[in-house]
Amino acid sequence: MAGTFDARVLRHWKVLGLVLIAVLALASGVYAYWRINAPRSPTLYVTATSPPLELRMELDKAEFGLNETIAIHLFLRNIGERAIKIYFPYINTGGVGFIVEYANGTEVFNFPRGGLASVDEVTLELGGQISKTLNWSQIGRRLVGDVIVGTYSVPSGTYYIIGRTEPYLIDVDIATATPPWTPLIQTPPIAITIS
Amino acid sequence: MLRLTTLFLTVALPFFVLFVPTAYAQKENLPWGVERIRADQVWDTDWTQDFIANPGANAGQGVRVAVIDTGIASHPDLAGRVVDGVSYVVGKQYWEDDNGHGTHVAGTIAAIDNGNHLIGVAPRVFLYAVKVDPTNLDHVVAGIYWAVGKGVHIISMSLGSPEDYPPLKQACDYAYSQGVLLIAASGNSADPVSYPAKYESVVAVGATYSNDNRWEFSNYGPELEFAAPGVNINSTFPPNAYQKRTGTSHAVPHVTGTAALIFASKVDPSYDLNRNGRWDNLEVREKLKDTALDLDGEGRDGYFGYGLVNAWYSNQRPPGDINYDLMVDVIDLSIVAFYYGTTPQDPQWWFGRRADINIDNIIDIADISIVSMHYGEIDP
């Protein structure tokens, strides 16, 4: 009887062990799947829409070391129902850029400013997009009026990054169109910390 | 008028009939901007209207022009024009153009008269390609110093920024002090004039349509100095192609080319203020001002500057010499009288448009006045 009891207990422990292993494996799989496929944290991407355009800005992370280059991913997408032609006043970074601000709204950096003085014409198919990655190397600009009086490496702290387009016009004949350019699209800010 | 007619019938008509053009043998396409500022009349001196620069004519030979831009690509219409260059773009050792903008600008300045497609304002200038990232003003600064070191006459900058960058101003002021004429785009955002065009040492250029109206996106302000064609400008584009572009970028090379034609000409003693026997940047700038077509009749203003740049009038030696015989005489007066009242709508326009000295698209009393004012003058 004792032997039978021991064998049954042993079998139960084996089954329990196998179940435990299976549960752990499943949990690991679920966790791995979640890590790979879960949507990014809502704080790392923002969008702004002005039909037929949607501007999306993404950051890889929200915390950076001092002097670390910060990659800013910008996507300007045609969300309308047909292909469009967009015109920008200058040829520079494909019509998208970014602004860095302190918490109080003071501008730290704004890129790009100006460029080649030729109208840039971009065709966006239905669902098509302009994709650009621009880098901010944690440099600030001191402006007095429109004069750049100096540049500096920004100190540790919290900064707000805003994606923006250049001013633009859509589906016009640029040779006969009249001002003004349509005001630029700006995303809400993403807060980052530099330490 | 009776005296003029009598003069024409008795003295000039027999001569003029001999030289009136009888053929219209177009070999090069004349971009509308080059035609509008009448650059072809400076170098197409044989009256055949084939838009080929004639031997011995002034087509900008010997003048060195730096184009600070995206580089200049190899192109059949720019063959032999680029003599040197530099790249400030990281990872780009040479000045080959991977954008197209710089090649377009270069073509408007200097596309050659090879009987193939189009021609520029000054088809015999030498180009220096300075490849920069236009969003990086430090590149532009470095390019200016490089160009000064190469001894260029003109620096052409079809770019702009709303921000004043002191090192850029220092570079422009230095280049100007070294005798370089700097020409830049006013900008395309319907805002005040951009930098570097806004600096006093730089000539600011805005854009016009083919009907001389201002392109309304063209930046404006008291610093604006000239207007030039800038809408739907056809020019060279890589690879071995052509493209129409719009913007103050494309007005700049029309002024650059016109200035190059002046630099290449024999100095006008009345402009040679320092009596050194050659054109200096200040003197060329004055000549451009004095010969521009005031488009709104208000003198210098913030929308057109001094007016539309005029390659033809600024390169007549002496002013009023329509038939290239280096004197202003009864023949010049007779030509103006013969075509008096002619406009581009008239069939004889293409034969008579040299008489439209002030390029206001009508041969009228203003043109007669210019000839009369300089009557009897001989090129020294």
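Things to note:
- Of B:K92/B:K289; A:K132/B:K150; B:K198/B:K287; A:K61/B:K198; A:K132/B:K244, those spanning more than 31 Å from alpha-carbon to alpha-carbon: B:K92/B:K289; A:K132/B:K150; A:K61/B:K198
- Proximal aspartates and glutamates to A:K14, defined as alpha-carbon separation beneath 13 angstrom and excluding residues fewer than eight positions away on the same chain: A:D6
- FRET efficiency for A:T123 and B:D346, using Cβ-Cβ distance with R0 set to 60 Å, rounded to 0.05: 0.90
- Put simply, the convex hull of the Cα atoms in chain A casts, on average, a shadow of 18.0 nm².
- Note, ³J(HN,Hα) from phi for segment B:213-222, Karplus 6.51, -1.76, 1.60, rounded to Hz, x at Gly and Pro: 5, 6, 5, 5, 7, 5, 5, 9, x, x
- Sequence ranges A:120-128, B:257-265, A:15-23, ranked by mean other-Cβ count within 10 angstrom, highest first: B:257-265, A:120-128, A:15-23
- For B:S177 and B:S270, the difference between the fully extended length at 0.36 nm per residue and the C-alpha to C-alpha distance is 31.3 nm.
- Counting every alpha-carbon pair across the protein assembly as shown, the share separated by more than 46 Å comes to 27%.
- The charge dipole of the protein assembly as shown, taken about the Cα centre with unit charges on the Cβ atoms of Lys, Arg (+1) and Asp, Glu (-1), comes to about 2440 debye, rounded to the nearest 20.
- Rounded to the nearest 10 degrees, the angle from helix A:2-37 to the longest Cα principal axis of chain A is 0 degrees.
- Note, ³J(HN,Hα) from phi for segment A:139-150, Karplus 6.51, -1.76, 1.60, rounded to Hz, x at Gly and Pro: 9, x, 10, 9, 10, 10, x, 9, 9, 7, 8, x
- Mean Kyte hydropathy of -1.0 or more with a Cα span along the axis of at least 20 Å, helices from DSSP in chain B: B:248-264
- Interchain or long-range residues, amide H under 5 Å from B:Y242's placed H: B:F237
- Database remark: amide H of B:S87 closer than 5 angstrom to the amide H of B:K131 (H placed geometrically; neighbours at sequence offset of 5 or more, or on other chains; Pro and chain starts carry no H).
- Dividing the helix sum by the residues of chain B, where each DSSP H run of 4 or more adds -39500 (n - 2.57), gives a mean residue ellipticity at 222 nm of -8000 deg cm²/dmol.
- Exposed trypsin sites (Lys or Arg not before Pro) absent - longest run of chain A, DSSP non-H/G/I/E/B, at most 11 other C-beta within 10 Å: A:83-195
- Full extension of the chain between A:V19 and A:A103 gives 25.0 nm of extra length, using 0.36 nm per residue less the Cα-Cα distance.
Quick note: the coordinates plus some simple rules give every number you see, no bench work behind them. What you see is a predicted model, and the numbers here were worked out from it, not measured in a lab. Here Cβ is always computed from backbone atoms with ideal geometry, including for glycine, and neighbour counts include all displayed protein chains.
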